[in-house]
Amino acid sequence: MFFHAHPDDEALLTAGTMAMLAAEGHRVVLVVATAGERGLAEMAPGEALGETRLKELYESAALLGCARVECLGYGDSGLSPKGGIAEERPDNAFIDADTEAAAKALAAILQEEEADLLAIYDPAGGYGHPDHVQVHRVGKRAAKIAGTEIVLEATVNRDPLVRLLRLAGRFYKFPPEFDVRTFESAYSSSETITHRVNVRKYTRQKRASMAAHASQASGGDSDRTLAVMLKVPRPLYRFVFGTEWYVRRDLPPGTRLTHPFDRWPK
Ligand SMILES: [Zn+2]
């Protein structure tokens, strides 16, 4: 089971792993906390955008081979203009949710599915979106309640990414709002990562999953990460997005595994 905050997060972080596991015959379930109705898009934020984004999520999930998609139905907490917690939030904003109640809702799906694995985010929530931090808290607790053995924190190895983005910047012009420096303190450094999953065989699906989230690639004026990524030239894309990274906290630091179900010690 893969637990994400908003539709499109699965495309950026875990799509390759999901497609790989589905191809291997695993039952892959995707759960999002919110419909992402306050995402940046050409459409105004609100219910209609939420509906559009859920449709995009189903399309993405189908492309990746998911057997089931669930939305916990919390409100998208949104972001303040500076990228922190937004002052104006919907009543049922995910960050204001009771952690225990949300964890119980997620745990019920884990138990129903008899899930062997739950993928969440690192404690920093990747680049720090408050809903992503909440995914970590709620997901961790849900795995405890359900007794799910393997908990993987989806992340990005920021070391090669920062190097590659710098290199790419020499021959590829990023839009001004795309700031490579924001990656320097986000996600995880190389030494904390326990799983490096080679998903090069599934980059086509990953790209298609990203493209399914059309509302996020077209709109917005400050956060165009997805749009930028879709414009990354194909060979570079394969190189940058050919690996997905995870941290499994119950394994010793320095562990280097290549598959979510790898046993340790091997
Ligand atoms: Zn998100």
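Largest GNM mean-square fluctuation among Met18, Met43, Met210, using the chain with Cα springs under 10 Å: Met43. The modelled label-to-label distance between Lys82 and Ala67, using points 7 Å beyond Cα along the C-beta direction, is 4.7 nm.
Within the chain, the selection of entire DSSP H helices by a Cα span of 15 Å or greater along the long axis and an average Kyte-Doolittle value of at least 0.0 returns 99-113, 158-171. In the structure displayed, which of Lys173/Lys206; Lys55/Lys206; Lys144/Lys201 lie more than 26 Å apart, Cα to Cα? The pairs that break the limit, which is 26 Å between Cα atoms, are Lys144/Lys201.
If R0 is 22 Å, the Cβ-Cβ spacing of Thr182 and Asp250 corresponds to a FRET efficiency of close to 0.15.
When DSSP beta bridges are restricted to pairs lying wholly in the chain, around 30% turn out antiparallel. Once C-alpha pairs closer than 8 Å and six or more residues apart are averaged by separation and normalised to the residue number of the stretch 1-157, the relative contact order reads 24 percent. For the chain, the relative contact order is 23 percent, taking Cα pairs closer than 8 Å that sit 6 or more residues apart in sequence and dividing their mean separation by the residue count. Adding -39500 (n - 2.57) for every DSSP H run of four residues or longer, then dividing by how many residues the chain holds, sets the calculated 222 nm ellipticity at -12000 deg cm²/dmol.
Mind checking which of Asp159, Asp76, Asp131 has the largest fluctuation in a GNM of the chain, springs on alpha carbons under 10 Å? Top of the fluctuation ranking is Asp159. Working from label points 7 Å from Cα in the Cα-to-Cβ sense, the Ala124 to Asp91 distance is 3.7 nm.
We did not get these values from a lab; they are worked out from the coordinates using the rules stated. Because the structure is a prediction, the values reported are computed rather than measured. A quick note on method: Cβ atoms are made from the backbone with ideal geometry, for glycine too, and the neighbour counts reach across all protein chains shown.
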